[in-house]
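Some notes on the structure that comes next.
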Amino acid sequence: MCGVVGAIAQRNVVPILLEGLRRLEYRGYDSVGVAVVGEQGLARERSTERVAELAEQTRRVGLKGLTGIGHTRWATHGAPCERNAHPHFSHGLLSLVHNGIIENHQPLRERLAAQGYAFESDTDTEVMVHLIHSYYVTHHDLLRAVQQTLAELHGAYAIGVIAADNPDVMVCARHGSPLLLGLGIEENFFASDVSALLPVTQKVIYLEEGEIARLTLTEVQVFNQAGERVEPVVHVSEQSADVTELGEYRHYMQKEIHEQPRALADTLERVGNTIEPSLFGAEAPALFADINAVTIIACGTSYHAGLVAKYWLESLAGLPTSVEVASEYRYRDSVANPSALVVTISQSGETADTLAALKHAKALGHDKTLSICNVPESSLIRLSALRFLTHAGPEIGVASTKAFTTQLVALYLLTLALAKVRGRLSAEREADALADLKRLPGAVNALLALESGLEQWAEALATRQHALFLGRHTLFPIALEGALKLKEISYIHAEAYPAGELKHGPLALVDRDMPIIVCAPNDALFDKLASNMQEVRARNGELFVLSDAAVEAGPGQHVLALPAGMRDLNPLLYTIPLQLLAYHTAIRKGTDVDKPRNLAKSVTVE
């Protein structure tokens, strides 16, 4: 969601902050701002436009400084307007940026107002900067003032603070929201995402939960929640500064759709000639042998990946599997089963609901935990006993594409590993599965070649206000994913149903204005699905059919012939054309494909 960046250097930091914010745009935001300590004290520029417009503002006013902070805001408390944009000030002395939500902001606001503090915004964040100020003015120790303030806060935060009268110091802290430090030569940085710092450093420190850092030109000090100095681990990021560049593509989403053959190949690189449970960690063989069920916890697109895995796990591994929406799981009375494997899935590894759900599961006695994630140093990875990294590479577009397909591959490998441990994977079935996995990147590449046909479908869909997606078995969750992609980037209302449910309600919606997108693989349920399609045609519904079977096109029935299916891996194959269809429909509607309205890439608040 929101993004933060900070820099202290012997050069003007405004360009560093702006480039960092530009690289954080993918997270989603509705306002943006920077603040620096300059010759005249604190100065800031804020905007409800894009980072490019903010850069022009800073150029016009000549904003410069050697210490500064920046922020992209996704509104929670208060409307998206300039007065609510970060950074926030207190008495022209302190400035603060904040990711997260402060749950007890209202009583603190009332207390501070009674002390004479005037609030200029509707945000929970402004409470923090005034509270820090109330302590800072008594001793002018920025680290101590932040520590005193954080002891009073309830909620989640990643913050950065600077002071007009102490320009040689920055203080930052995290609790429940990600934050990392960047180490330079006589300059140091912080940010909510490593991509923001790649142009200036690849040496980073990932702050742990509850840690606070004090940064100067030459030193980085890290303290735990008890105020004790700790020695952090320095990592060297393997990402390059140009990894987030668009290259030849029009949008990041298009680039990431086309990166899927490589992403899948990279994810499968560790797989040899046999399926080994140790793919999921050295402790996996023993842990897998001791489970009797699987619980999958995720949100959004990752939840759809979990729904596909339920079919695989129950059919191939013979394990009862439940799939939970993370934000629901943690707030209901669930029946704990300490012998179940709890699998959490997240692209970023910082999804607040998923992290909280994992902590809830562990509190219930679930110690057999596995995380599937794309970010090696993420909070989710560090909380789990076992882990599988998807190696999708950075995903910038808000609508997840390559992260989803690599999650599916990880879940299929998990299914095969569990089936093997349980004696349910024959040598022949294992060989067939491995052969299909090796063919997968090439098969996805062939599907990308069908893009022009999907552009034609997009012409028709772009004029509609609603759409229905149908699928059966493992293709039902893919229909859900296709509907989600269409609605989140084109703003067309879309729903998905198991095709057999059509006559139990949704058929009432079908008429000549309702497009029906159907995933129709040539499998054991094809004849059943063909009957469902006839039900649509009998009501003058317009069908758009993706199939590797011999389906005839005709009036009211458009067909895109797909290459021959790949048994268990059909869900991955049918995902690609649905991603392309959503993308090209959004292009024709003129929406902001990479940054759809009201949405954020990394949902780090509840």
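Nothing in this text is a laboratory measurement; each read-out follows from the coordinates by a stated rule. These numbers come from a predicted model, not from an experiment. Backbone-built Cβ (ideal geometry, glycine too); neighbour counts: all protein chains shown.
How high is the relative contact order of the chain, given as a whole-number percent (alpha carbon pairs under 8 Å, six or more residues apart)?
12
Using a cut-off of 11 Å between beta-carbons, work out the net charge of the residues near residue 37 (Lys and Arg +1, Asp and Glu -1, residue 37 not included).
Cβ neighbours under 11 Å give a net charge of -1.
Would you please name the GluC sites (Glu not before Pro) within segment 477-555 that are DSSP coil residues with at most 14 other C-beta atoms within 10 Å of their C-beta? If you can, show how the numbers build up before the last one.
On the way: sites: 481, 488, 495, 501, 535, 542, 552; in loops: 552.
The qualifying sites are 552.
Of 203/362; 310/368; 503/595; 203/595, which ones are farther than 27 Å apart at the Cα?
In this structure, 203/362; 503/595; 203/595 lie more than 27 Å apart at Cα.
If I model a spin label at residue 274 and residue 460 as a point 7 Å from the Cα along the Cα→Cβ vector, what separation in nanometres do I get?
With each label placed 7 Å out from Cα toward Cβ, I get 5.1 nm.
In whole Å, how far is the Cα centre of segment 97-143 from that of segment 501-575?
57
Enumerate the calculated ³J(HN,Hα) couplings along segment 314-321 in order (Karplus 6.51 cos²θ - 1.76 cosθ + 1.60, θ = phi - 60°), each rounded to whole Hz, writing x wherever the residue is Gly or Pro.
Per-residue couplings from phi come out as 6, 6, 8, 9, x, 10, x, 10 Hz.
So which aspartates and glutamates pass the test for residue 359, namely a Cα distance under 18 Å, with those fewer than 8 places away in the same chain ruled out?
Once the sequence-local aspartates and glutamates are set aside, what remains near residue 359 is 208, 209, 324, 328, 333, 350, 367, 377, 606.
Got a sec to turn the phi values of segment 475-484 into Karplus ³J(HN,Hα) couplings, 6.51 cos²θ - 1.76 cosθ + 1.60 with θ = phi - 60°, whole Hz, x for Gly and Pro?
In residue order, the calculated couplings are 8, 5, x, 5, 4, 4, 5, x, 5, 4 Hz.
Identify the chymotrypsin sites (Phe, Trp or Tyr not before Pro) of segment 93-188 meeting these criteria: DSSP loop state and at most 15 other C-beta atoms within 10 Å of the C-beta.
Those satisfying the criteria are 119.
Report, by chain and number, residues whose modeled amide H sits under 5 Å from the one on residue 296, excluding near sequence neighbours (fewer than 5 apart, same chain).
Result for residue 296 returns 322, 323, 324, 343.
So what J values fall out for segment 323-337 if you push phi through Karplus, 6.51 cos²θ - 1.76 cosθ + 1.60 with θ = phi - 60°, rounded to Hz, Gly and Pro as x?
10, 10, 6, 4, 5, 8, 4, 6, 10, 10, 7, 9, 8, 6, 9
Out of residues 5 or more away from residue 542 or on other chains, whose amide H comes under 5 Å of its own, with H placed 1.01 Å from N in the peptide plane?
HN-HN under 5 Å from residue 542: 514, 516.
Report, ordered by chain and residue number, the lysines lying within cross-link reach of residue 589, taken as a straight Cα distance under 22 Å and ignoring same-chain residues fewer than 8 apart.
Answer for residue 589, where 22 Å is the Cα cut-off: 255, 485, 487, 601, listed by chain and number.
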